[in-house]
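Novice: I'd like to ask you about the structure that follows.
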Amino acid sequence: RVLGHFPDQDPSLPIAQFGQDNGEDAHRIAPSPVVHVRGLCESVVEGDLVEALEKFGNICYVMMMPFKRQALVEFEAMESADQCVTCGVNEAVYIAGQQAFFNYSTSKRITRPTNADDPSSGNKVLLLSIQNPLYPITTDVLYTVCNPIGNVLRIVIFKRNGIQAMVEYPFWSQKAKSALNGADIYAGCCTLKIEYARPTRLNVLRNDNDSWDYTKPFLVRRERGKGRQRQAILGEHPSSYSDNGYGSHCPLLPLPSNNRYKRSSPHDAQEVVAYPLPQTSSYMGHASSSSVAMVSGLHPAKMNCTRIFNLFCLYGNIEKVKFMKSVPGTALVEMGDEYAVDRAITHLNSIKVFSKRLNVCVSKQHAVIPSQVFELEDGSSSYKDFAMTRNNRFSSVGQASKNIIQPPAAVLHFYNVPPCITEDELQRLCTEHDVPGFIKFKVFDAKPSSKTISGLFEFDNKTHAVEVLTVLNHHQIRIPSKYCVLLQRE
């Protein structure tokens, strides 16, 4: 990730380098009980912040921003926040072994999803948002993550806008929130962002990959019209993932040594949570999710099947795309598997394309059927099959491993471009296709014998970059011979 993909300020720099030259300048932002923390290490969790900062006073809420390496910490008293900010200016404060930097937040209070009138309110049900979910997230996985910290009663996973889950404990779940908030389930991905949920109890109708009631092991799914139980790959309940389980041990997320993160009984949990290795789709064949995404908010004149492919192919193979005649501005996208849909939802839902905000969610359909084909405003067909195209990027394990899954950014990586093409010609290409031009241009060094070049485009903002990628990804440049420009976010 380079150029425009970096945040406006480097969180690893001390406050003085943000334009605050001394302790007094740190107070340019009005004092607030909420402190903005920067410069956190990638492995930090909520419990690390509480452990390091509770010496300044009682902490009533923490909100993690793991991908920015930042957090918001709300103290009960203004004096505690003032001590924290002042101490951070005058001396080094370390969180999880790395120096962190502090300033007042512009917010006077961290917004909570529950009990807004009580700043210290909690709940026994946690809302987990899984960010950058490169691997399958099932009840088995979440049970293995959450149960060592306290007895999990119920889990419900839902996938409307990204992947989220609710996990119910028998008692107030502050300990689990502190230990897991900001942690990665798998190295570098599947990052947990945890809040208290609104419901105080979960209602589970059946035990499967997306929901499980551990107090009622008999709630297994049954075959329709048959009295016998469907054969389960992993048995009646999630295994402990020991050597006898279906996956090898993958020890991640060591729990803090402080006793407040452990159960009261020494026999209940080990100090290291062991996760199953990511499983291939063959293990998940009975999952109920769909491999079809429904996309609404499409610009009626500027979006077509090919442009949807250009955008969505960064997150998985595209099989078919069909616009819905009965719902203008809406299309169904059949992808290679349900995990590709999850990635597309996580990264593309709510982005703006041609001044319209996309809504991407899981469709109830399990396949795209080429019915009611009609002509779109640009004259192209409302249906297109991409199953055999060479531009799909996840057709083999080796090919898929080269893809870097990440959200939209202001910088695009281009490659497979003729070496004779100039910067002016590329700018003219943007103008001819009525998309924003780039503001910076860089070509990577190539071997003298190379027949193509690659490099980076930087745009004013990520919306401009998304529009260029949507229109020009896979565009053929016919000088002096046929080449295909491939664009992806850097």
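Novice: Rank these by accessible area, largest first, 1.4 Å probe: MET78, MET303.
Specialist: Sorted descending by solvent-accessible area, the residues read MET78, MET303.
Novice: Rounded to the nearest 20 Debye, what is the dipole magnitude of the stretch 139-201 about its Cα centre when Lys and Arg each give +1 and Asp and Glu each give -1 at the C-beta?
Specialist: Magnitude of the dipole: close to 240 debye.
Novice: Rounded to the nearest 20 Debye, what is the dipole magnitude of the stretch 310-379 about its Cα centre when Lys and Arg each give +1 and Asp and Glu each give -1 at the C-beta?
Specialist: 280
Novice: Highest first, please rank the peptides 178-186, 293-301, 394-402 by the mean number of other Cβ atoms sitting within 10 Å of their residues.
Specialist: Peptide ranking by packing, descending: 178-186, 293-301, 394-402.
Novice: Each residue of the stretch 392-401 in turn: what ³J(HN,Hα) in whole Hz from Karplus with 6.51, -1.76, 1.60 and θ = phi - 60°, glycine and Pro shown as x?
Specialist: Values per residue, Gly and Pro as x: 5, 10, 10, 7, 9, 4, x, 5, 5, 5 Hz.
Novice: Mind checking the stretch 325-378 for chymotrypsin sites (Phe, Trp or Tyr not before Pro) that DSSP puts in a loop (not H, G, I, E or B) and that have at most 12 other Cβ atoms within 10 Å?
Specialist: Answer in residue order: PHE374.
Novice: Once phi is turned into θ = phi - 60°, what whole-Hz ³J(HN,Hα) does the Karplus curve with 6.51, -1.76 and 1.60 give for every residue of the stretch 348-363, x standing for Gly and Pro?
Specialist: 10, 5, 6, 6, 9, 9, 6, 6, 10, 8, 6, 10, 10, 8, 6, 7
Novice: Whole-Hz ³J(HN,Hα) for each residue in the stretch 463-472, computed from phi via Karplus 6.51 cos²θ - 1.76 cosθ + 1.60 with θ = phi - 60°, x for glycine and proline: what do you get?
Specialist: Those phi angles translate into 4, 4, 5, 4, 5, 5, 4, 4, 8, 9 Hz.
Novice: Additional query: Give me the distance between the Cα centres of the stretch 181-199 and the stretch 315-375, rounded to whole Å.
Specialist: When both Cα centres are located, 26 Å separates them.
The values are calculated or read from the model by the stated rules, or taken from the named source; none is laboratory data. Please read these numbers as outputs of a predicted model, since none were measured by experiment. For neighbour counting, all protein chains shown are included, and Cβ atoms are generated from backbone atoms with ideal geometry for every residue, glycine included. To get the accessible areas, we keep the full protein, side chains included, count just its heavy atoms, and leave off ligands, DNA and RNA. Shrake-Rupley method; radii C 1.70, N 1.55, O 1.52, S 1.80 Å.
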